[in-house]
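> Please see the structure below; I have some questions.
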Amino acid sequence: MKPYLTLFFILFSTLYSTYGQDQNLENLKTDDKKRLRFGYYLGVNSVGAKMKYLPNPDGNPFRISVKPKLSFDVGLLADFRLNEFLNIRFHPGVAFVEREIRFPFSEETISKPLIERIVKSNYVRFPLGIKLNTRRIRNARPFLMGSMSYNINITSEETNPEDNNSGTFRMKRNMYAWEFAIGTDIYLPYFKFTPSIHGIFALNNEIVHDKDVNSPFTRYVDSMKSRGVFVRFTFE
């Protein structure tokens, strides 16, 4: 993820120095007075998971490796201006998420396809947030935003009768999360461009346990909650 964060900051710095610091140029002077705005965004994401485990009687800790793989997301936004510093922002979208799951077993006892697998989660997302703006600094305006979101994992396999014993890692269909974002609105001559970084933190347990309560795959897993970083570029 580091190369993408580096690219984000280079792009931000270049645009800010080009458009934000030119005292002779002030773009879209009346743009912030609009009560309702619309736009769209594109982005990349890296989503892993926070795992919580139950005690293992034999004393050896059970740990599942969840490695995030770089993916992307797209969406729309509707922004309602409350006053100079506060906006309500609805930014629904679709996030394509991939994670590499590895169970702590030996290939001598369990086949490799059951130990390692790629889990794809396609989330249809409905975040609603409060955006806190600073005062405009020439052609730039930093902000913070907090959101709550309802997410539907349309590839969850929650109702699939097969489970980890046959190579199917199941996750719940519904995921609730809170989100935090930091970014800067950059006023270009014809539109507003916004690079931002978002963190997402699931509130509910997403893992579906295997049917066998003594399954070696999920017996000692208490909960699995998605955690991720989104780098997003918004156009309004």
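> Pairs Lys120/Lys192; Lys120/Lys211; Lys52/Lys112; Lys120/Lys225; Lys69/Lys112; Lys69/Lys172: which exceed 26 Å Cα-Cα?
With Cα atoms farther than 26 Å apart: Lys120/Lys192.
> May I ask you to sort Tyr40, Tyr123 by Cβ crowding, counting other Cβ atoms within 10 Å and putting the fewest first? Kindly include the intermediate steps, with their values, before the conclusion.
Details: Tyr40 14, Tyr123 25.
Final ranking by Cβ density, sparse to dense: Tyr40, Tyr123.
> Here's something else I'd like to know. Tell me the angle of helix 2-15 to the major Cα principal axis of the chain, expressed in degrees between 0 and 90 and rounded to the nearest ten.
10 degrees
> Kindly provide the helix-only [θ] at 222 nm of the chain, computed as the sum of -39,500 (n - 2.57) over DSSP H runs of four or more divided by all residues, to the nearest 500 deg cm²/dmol?
Numbers: 2 runs with 18 residues, N = 236.
One gets -2000 deg cm²/dmol as the mean residue ellipticity at 222 nm.
> Would you list Thr30, Thr134 from fewest to most Cβ contacts within 10 Å? The partial results should precede the final answer.
On the way: Thr30 6, Thr134 13.
Lowest to highest Cβ neighbour count: Thr30, Thr134.
> Can you give the extra length, in nm with one decimal, that the chain gains between Asn205 and Ile182 once fully stretched, where that is 0.36 nm per residue apart less the Cα-Cα distance?
Numbers: separation 23, 0.36 × 23 = 8.28 nm, distance 2.62 nm.
Value of the extension gain: 5.7 nm.
> Would you mind pulling out the separation of the Cα centroids of segment 66-110 and segment 139-198, in Å?
Centre-to-centre (Cα) distance: 4 Å.
> Once you place label points 7 Å from the Cα toward the Cβ at Ile110 and Phe191, how far apart are they in nm?
4.7 nm
> Please work out the Kirkwood hydrodynamic radius for segment 61-144, using every pair of different C-alpha atoms, and report it in angstroms with one decimal place.
Values: mean 1/r = 0.0605 Å⁻¹.
Evaluated over segment 61-144, this radius sits at 16.5 Å.
> Which ³J(HN,Hα) values in Hz, rounded to whole numbers, follow from the phi angles of segment 113-129 under the Karplus curve 6.51 cos²θ - 1.76 cosθ + 1.60, where θ = phi - 60° and Gly and Pro get x?
My calculation for segment 113-129 gives x, 7, 7, 10, 7, 9, 9, 9, 10, 9, 9, 8, 10, 10, x, 10, x Hz in order.
> Fewest Cβ neighbours within 10 Å first, please rank Thr159, Thr194 accordingly.
Working: Thr159 8, Thr194 21.
Taking fewest neighbouring Cβ atoms as first place, the list is Thr159, Thr194.
> Report Rg/Rh for segment 2-235, rounded to two decimals, where Rg is the Cα radius of gyration and Rh the Kirkwood radius. Display every interim value, and only then the final one.
Numbers: Rg = 21.3 Å, Rh = 19.7 Å.
In segment 2-235, Rg relative to Rh is 1.08.
> For Leu76 and Asn160, compute 0.36 nm times the residue count separating them, minus their Cα-Cα distance, and round to one decimal in nm.
Contour length minus Cα-Cα distance gives 27.1 nm.
> So what J values fall out for segment 41-50 if you push phi through Karplus, 6.51 cos²θ - 1.76 cosθ + 1.60 with θ = phi - 60°, rounded to Hz, Gly and Pro as x?
9, 10, x, 10, 9, 9, 10, x, 7, 9
> Continuing with the same structure: Place a +1 charge on the Cβ of each Lys and Arg in segment 28-121 and a -1 charge on the Cβ of each Asp and Glu, then give the dipole magnitude about the Cα centre in debye, rounded to the nearest 20. Intermediate values should be presented prior to the final figure.
Values: 17 positive and 11 negative charges, 89 e Å.
Its charge dipole is roughly 420 debye.
> Ok, one more. I need the trypsin sites (Lys or Arg not before Pro) found in segment 166-218, filtered to DSSP loop residues with at most 13 other beta carbons within 10 Å of theirs. Don't skip to the answer; put the middle values down first.
Working: sites: Arg170, Lys172, Arg173, Lys192, Lys211; in loops: Arg170, Lys172, Arg173, Lys211.
Sites meeting the loop and neighbour criteria: Lys211.
> By how many nm would the segment from Arg63 to Glu26 grow when fully extended, if each residue of separation counts as 0.36 nm and the alpha-carbon distance is taken off? Present the calculation step by step, with values, prior to reporting the outcome.
Values: separation 37, 0.36 × 37 = 13.32 nm, distance 5.43 nm.
Going from the current span to full extension adds 7.9 nm.
> Additional query: Quick check on packing: order 179-189, 224-234 by the mean number of other C-beta atoms within 10 Å, highest mean leading.
Details: 179-189: 18.1, 224-234: 20.4.
Final packing ranking: 224-234, 179-189.
Where a number appears in this text, it was derived from the coordinates with a stated rule and is not lab data. What you are looking at is a predicted structure, and each value in this text was computed from that prediction instead of being measured. For neighbour counting, all protein chains shown are included, and Cβ atoms are generated from backbone atoms with ideal geometry for every residue, glycine included.
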